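I have placed the structure first, in the form of structure tokens, so that the comments after it can refer back to it.
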Amino acid sequence: MPGKHTKLFKSIFHGDFRPADRMNYSRAYKRWMKENYEAHQRFRKSLKKGQLEAFDELEEMDIELSGRAQEENYIAGMKAGIQLMVEALR
């Protein structure tokens with residue numbers, strides 16, 4: 001498939017296309033993330049050892065779930081975008 005689109009196709013194929021690495025988060029989002037992190041750290045300091053271990057396990061589960069949700073939402077968005085392109089080309 002020669003042409004200007006070949007570069008993007010090859011980048012995707014070789015795993016070099018990583019738009020998430022180039023995300024430019026807003027100041028508000030960065031501020032919220034910092035506040036969230038600091039609140040977690042304050043809460044962790046208030047826990048006893050057994051509670052801290054349980055909290056860490058819960059956080060790991062939340063991180064895994066969040067990652068899976070992001071992946072599913074990304075796929076759904078890609079499908080919607082492709083569908084929009086197909087309808088536009090008709």
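Of all residues in segment 54-90 being part of a helix (DSSP H, G or I) and among the basic types (Lys, Arg), which is nearest to Met33 (Cα to Cα)?
Kept after step one, since they are part of a helix (DSSP H, G or I), are these residues of segment 54-90: 54-89.
Okay, now just the ones that are also among the basic types (Lys, Arg), so 68, 79.
Values: Arg68: 19, Lys79: 29 Å.
For segment 54-90, the residue satisfying everything is Arg68.
Would you pick out the residues in segment 12-35 that are at pLDDT 85 or above, surrounded by 10 or more Cβ atoms within 10 Å (Cβ to Cβ) and assigned to a helix (DSSP H, G or I)?
Correct list: Tyr29, Lys30, Arg31, Trp32, Met33, Lys34, Glu35.
Quick one: which residue in Leu52, Leu89 is free of Cβ contacts under 8 Å to residues at least 24 places away in the same chain and surrounded by 10 or more Cβ atoms within 10 Å (Cβ to Cβ)? Steps first, please.
Values: Leu89 fails: surrounded by 10 or more Cβ atoms within 10 Å (Cβ to Cβ).
After applying the criteria, what remains is Leu52.
The values are calculated or read from the model by the stated rules, or taken from the named source; none is laboratory data. Given the structure is predicted, the values throughout are model-derived calculations rather than measurements. We place every Cβ from the backbone using ideal geometry, glycine too, and count neighbours over all the protein chains shown.
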